[in-house]
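Report on the following structure.
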Amino acid sequence: MAQDFRLDTVGLINRDKKLSFEFNGKNYFGYEGDTLASALLANGVHLIGRSFKYHRPRGFFGAGVDEPYAIVQLYRNNETEPNVKTTEQELFEGLKATSVNCWPSVNFDIGAINNFLKVFLPAGFYYKTFMWPKSFWYKVYEPFIRKAAGLGVASIKHDKERYEHKYEYCDLLIAGSGPSGLASAYAAAKNGATVILAEDKSRFGGTLLTSEVNIGNQTGKEWVENIIAELKEMPNVTVKNRSQVFGYYDHNMLVMSEKISDHLPKTRKYHPKQRLWYIRAKEVLISSGSIERPLVFGNNDTPGVMLSSAAKEYLKVYGVLVGKKPLIFTNNDSGYETAIEFKKNGVEPIILDTRKEPNSEIIEEAKNLGIQIKFSYVVVAAKGYKKVKSAEVAKISDDKNELGILENITCDCICVSGFWTPTIHLASQSGNKTKFDKDIDAFVPGVSKQNETTLGAANGTFTLAETLKESFNAGYELSKKITKNDNKISHPIVVEKNKTTHDKFWCVPLPKGKNYKRFLDFQNDVAVSDIEIALKEGYRSIEHVKRYTTLGMATDQGKTSNLNGLQLVSNIENKIVPEVGHTTFRPPYTPVTIGAIVGREVGKHSRATRKSPLHSWHEKNNAVFVDAGVWLRPRYYKQGNETLFEGSKREAKNVRANVGVCDVTTLGKIDIKGPDAAELLNRVYTNAWLKLPVGKARYGVMLREDGIVMDDGTTTRISENHYHMTTTTAQAANVLSHLEYYLQLVWPELNVNVVSSTEQWAGAAIAGPKSRDLMQKLFPNIDASNEGLPFMGYLETKLFGATARIFRISFSGELAYEVNVESDNGNFMWEKIIEVGKEFEIQPYGTEALSTLRIEMGHVAGSELDGRTIPYDNSLEGLVSKKKDFIGKRSLNRKAFIAEDRQKVVGVVPLDKKTSIPEGSHLVKDANAQLPNPKLGYISASCWSVEHDNPFSLAILKDGKNMIGQKLFVMSPLKNITIPVEIVSSHYVDPKGERVRS
Amino acid sequence: MLHIKCPHCGMRSQNEFSYGGDATVKRPELNKEVSDQDWDNFVYNRKSLRGKHLEFWQHLSGCRQWIKVERDTATHEIFKTLKANEDI
């Protein structure tokens, strides 16, 4: 089956390999090397979707990154991706795509009624119409707009593809492999620089693949192939296709998205789908070329109206005719190149040139080929709904204000060329102050801010000879600066046809009595009339006009629309374009998938997972794990069908009755050494540390300079100048940084070293009335009596030959010990404890039981030390030294901190002794008070007291000191709960602390 | 992402560092009388400068040294990096 619009021999596609694909349920075929766009065009398909606002038919406008219309929902290997540009998506066997933004089908679209309602849908329409009443926005308007105006649909499935990140350094990063990119890369590479050359398309060469030029006796295409082949062989050069440099960030860091598998039916095994490159380049060469500007006329969004450069690319690269009766509408010489290509391939084009009598080599050639040319002519409007059928044309007066008699020309496509806009996005992102070039009616890069140089068409240089000259030189000079080498290559002789100046005219006036829509932004349906309304309504700043009208805001980011929009604003405002200025270019230059940005950091890899050396034992013993910071800790050890509540209650009870063991490896540990270690601790902690004897531990609280509690823990004096500090699991890293800050910056005279030793030690807390008997049996060589190892005592011994540190400290409020051994011996220690503990009815306990035990004992922890409380609030004021100075002390006498009714931690018990109190609930005096009910405090932690067998909570309560015995209410409006409670002491169990000292 | 020259390790990416605030603020000496105003200035009050700014950074995922960085807050240009005990 032949393709109606495919030429027999022209193009760079592989005609030996047919690929079948499906669009909107219909089967087609294309060839290897096609894009989805070229394959559809080869099959004569021009209707791709519906427009954003008016649901007008949409076809193809460009052939690459600038495409505003032809986006589809892509299906590949059981995945779907929205808003894929057909002009960038390479064809693969079995590709499936559907239109976006049309319902029920692209041919019959209900939303198209908007097209007839267009008088009601002007600029700012959403803002004006849907603002009142407010509640309607969420319930009525927004869902409706979303359905009607949405683009593609994102998949809600987990993306199984792999995305990689890569960091790279180079001397020169060159963005774009057109003539300027190739020439500069070649010159720099030959001069010994490390070069990365990036091309967003699959084929290298840019415009050289479509232009009729001769470089050093080779065609453009041959020259490209030879240079690329040579560059690929050089060890100092990385050549990447399908790679878009999309962002230019600080300190010459650029980010590039490499599409590795998108052009394949399925990602190959061990290959990622895409790779994101973070490239730190010494010099950046921006050779991103230019994008053709549209000319603006009536119904210029009709399928079949497209850029003349795109028509040429479809023909020369893909062997596809976008039409068989083409009308070329141009204000410069570029349109002639397209016309000549049509003519050479047996198609008769007609050229409409807005200029009066231009003269150049290329115009001569077109004349000589017998192409029909109408000078001083414009297209007034495209005719046809789903496809161009003809064009309404007219002669235009020399002042471009008056149209002659309207004539009709039959045609099946209109190829427009409104001259060229340099692609200055990367330069602008880097901070380059761009300037307006009157000769080309466009912005070009000005003074570089970072080490960036823009070359060729992106720099407003539109002849090949000039481009190559400036690019060879730049590649040589910049590489010389870096490598100090001096290998200069000779420049080839360039043959190209000269061109004459373009016409500044770009927007065709409306004929009398006609109100054709003349579109500026094709993807967002912004027409000339919308800009006019915005300006009439008082919008002046181009940034405001952009947001009000949505000009240039869609997935194409206005690559084809921005400049015409600016020109229009300038014309209406009677300003020149540079005064209006352009909107900010922000990365990314083209849409980047979230997958590529996230890379491998998905699911459980989204952050580090740290496991204790005892983890496998916990797993084997049915531990249910919980995230504690980055650590995984056993929450409880499940027996049978136990719930969390039942299991943790059993474990906590067993600690109170017998003995339990808890993995406390995750606690932060900091090793502190040096003659001034005691002095450091004395300054960091609120209590006194200078007289702590060797072999003793002490509990300490540290503050921030603003007086807020930062962390707490015990620190033990191992030897004269050696201390072992423990921190909470969550604050470990911050405390180390905090100590380093003071040691390095504030008190460098202190002779102290600190280092994290969290990973070096495995820790087990052994708690309960039978813990002493267990310890004595586990360590027969020590004296475990209250005299031999008193509360807050420390000793070092051996556990079957392994070094063991024993601390008599307690978090549970029971008689308790903490044993540390080197991490490698952790499992051995744990198994020994369980084995020896059997006769004492030992049970391991998890974090839930641990919390229960500390809450009912009234020990404050992370939920009270939440970055908002001072020592007094936590009943830790007894640990605040009056005699010495320490970090944060000066802040503690601030008015609010010493207020009589300052908040304080208290215990809370429900009056019915049954109802559990949700954490985060508020405490109020009167449950029926008018809202907002004054809040007296909040519940910080809740548990089921195993000692009293009823619910118990800790709360931070205003004037807590004087509230013991009061009856209040706990309210949780979110859960619609009101619970009458009594305020009690926070020490609900063993208030005198006798057990820990027993 | 900034490129910061650690005076101990050399050029490294910003993600190895953490920011530590204004390096010109001096902590009042211990055991000395400090007025409320001076203390507030030390703890809370910071100038949000546009332009050259001397600040502390810690090479957290590197040598763990606190360093001084002279940076332009508007352009991110880094003029100089110093060891903790060096002055500009």
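Points worth noting:
- Rg/Rh ratio calculated on Cα atoms of the stretch A:351-438 (Kirkwood radius): 1.10
- Once the chain from A:Glu168 to A:Glu749 is taken as fully extended at 0.36 nm per residue, the excess over their C-alpha distance is 205.1 nm.
- Karplus-derived HN-Hα couplings along the stretch B:48-58 (A = 6.51, B = -1.76, C = 1.60, θ = phi - 60°), whole Hz, x at Gly and Pro: 8, 6, 9, x, 4, 8, 9, 9, 8, 9, 10
- Compared with its chain on its own, the stretch B:31-69 contains the following residues whose accessible area drops by 50 Å² or more in the full protein assembly (probe 1.4 Å; ligands, DNA and RNA excluded): B:Trp39, B:Tyr44, B:Arg64, B:Trp66.
- Across A:Lys312/A:Lys546; A:Lys925/A:Lys961; A:Lys53/A:Lys387, pairs whose alpha-carbon gap is larger than 25 Å: A:Lys312/A:Lys546
- Taking amide hydrogens as placed 1.01 Å from N in the peptide plane, the amide H of A:Thr238 sits under 5 Å from those of A:Val195, A:Ile196, A:Leu197, each at least 5 positions away in sequence or on another chain.
- For the stretch A:668-853, the relative contact order comes to 20 percent (Cα pairs under 8 Å, sequence separation of at least 6).
- Dipole magnitude of the stretch B:48-88, debye to nearest 20 (Cβ charges: Lys/Arg +1, Asp/Glu -1, about Cα centre): 80
- Low-density loop positions, chymotrypsin sites (Phe, Trp or Tyr not before Pro), the stretch A:774-857 - DSSP coil, at most 13 other Cβ in 10 Å: A:Phe800
- In chain A, the DSSP beta bridges split such that about 75 percent are antiparallel, to the nearest 5.
- Chain pair A, B: total accessible area buried, heavy atoms, 1.4 Å probe, Å²: 2400
- Remark: the stretch A:528-540, residue by residue, has Karplus-estimated 3J(HN,Hα) of 3, 5, 5, 5, 4, 5, 4, 5, 4, 7, x, 6, 10 Hz, where x stands for each Gly or Pro and the curve is 6.51 cos²θ - 1.76 cosθ + 1.60 at θ = phi - 60°.
- Derived scalar couplings between HN and Hα for the stretch A:218-223 equal 10, 6, x, 5, 5, 4 Hz in order, rounded to whole Hz, by the Karplus curve 6.51 cos²θ - 1.76 cosθ + 1.60 (θ = phi - 60°), x for Gly and Pro.
- Theoretical FRET efficiency, 1/(1+(r/R0)^6), r = Cβ-Cβ of B:Arg27 and A:Arg607, R0 41 Å, to 0.05: 0.75
- Nitroxide proxy distance, nm - points 7 Å out along Cα→Cβ at A:Glu841 and B:Arg50: 7.3
- For the stretch B:11-30, heavy-atom accessible area (probe 1.4 Å) falls by no less than 50 Å² from the chain alone to the full protein assembly at B:Arg27, B:Leu30.
- Only Cα pairs under 8 Å and 6+ residues apart enter the sum, and on that basis the relative contact order of the stretch A:899-998 stands at 36 percent.
- Average partner coverage of A:740-749, which counts Cβ from other chains inside 10 Å: 5
- Each Cα pair under 8 Å and six or more residues apart adds its sequence gap; the mean of these over the residue count of the stretch A:227-378 is a relative contact order of 13 percent.
- Each listed q (0.08, 0.12, 0.17 Å⁻¹) maps to a log10 I(q)/I(0) for the stretch A:668-853, found by the Debye formula over equal Cα scatterers with no solvent: -0.27, -0.59, -1.13.
- A:Ile414 long-range amide H proximity, modeled H, under 5 Å: A:Val305, A:Met306, A:Leu327
- Overall form of the stretch A:564-667 per C-alpha gyration tensor (a/c, 1.5; a/b vs b/c): prolate
- Sulfur and carbon atoms: percent of accessible area, the stretch A:378-441 [1.4 Å]: 52
- Two-site FRET efficiency, A:His544 against A:Thr584, from Cβ-Cβ distance with R₀ of 22 Å, rounded to 0.05: 0.95
- For the stretch A:509-573, the fraction of alpha-carbon pairs lying more than 13 Å apart is 59 percent, rounded to a whole number.
- Other-chain or far-sequence residues with amide H under 5 Å of A:Ser875's (modelled H): A:Val905
- Reference-scaled alpha-carbon Rg (2.2 N^0.38 Å with N residues) for the protein assembly as shown: 1.19
- Counting every C-alpha pair in the stretch A:899-998, the share spaced more than 18 angstrom apart comes to 44%.
- With an a/c value of 1.5 or above and a/b not larger than b/c for the gyration tensor axes a ≥ b ≥ c computed over the alpha-carbon atoms, the stretch A:294-415 is described as oblate.
- With the largest listed first and rounded to whole Å, the semi-axes of the equivalent ellipsoid of the stretch A:702-744 from the Cα gyration tensor are 19, 13, 10.
- Per residue, the protein assembly as shown exposes 43 Å² of solvent-accessible protein surface, assessed with a 1.4 angstrom probe and all protein chains in place.
- Check: chain A dipole with +1 on Lys, Arg Cβ and -1 on Asp, Glu Cβ, in debye: 1580
- Label point distance in nm, A:Ser998-A:Glu619, each placed 7 Å from Cα along Cα→Cβ: 3.8
- Shape summary of the stretch A:438-545, radius of gyration then Dmax from alpha carbon positions: 21.6, 68 Å.
The values are calculated or read from the model by the stated rules, or taken from the named source; none is laboratory data. It should be emphasised that the depicted structure is a prediction, and the values quoted were computed from it without experimental measurement. Because the Cβ atoms are built from the backbone with ideal geometry, glycine has one as well, and the counts that use them run over all protein chains shown. Ligands, DNA and RNA are excluded from the accessible area calculation, which covers all protein heavy atoms including side chains. Shrake-Rupley method; radii C 1.70, N 1.55, O 1.52, S 1.80 Å.
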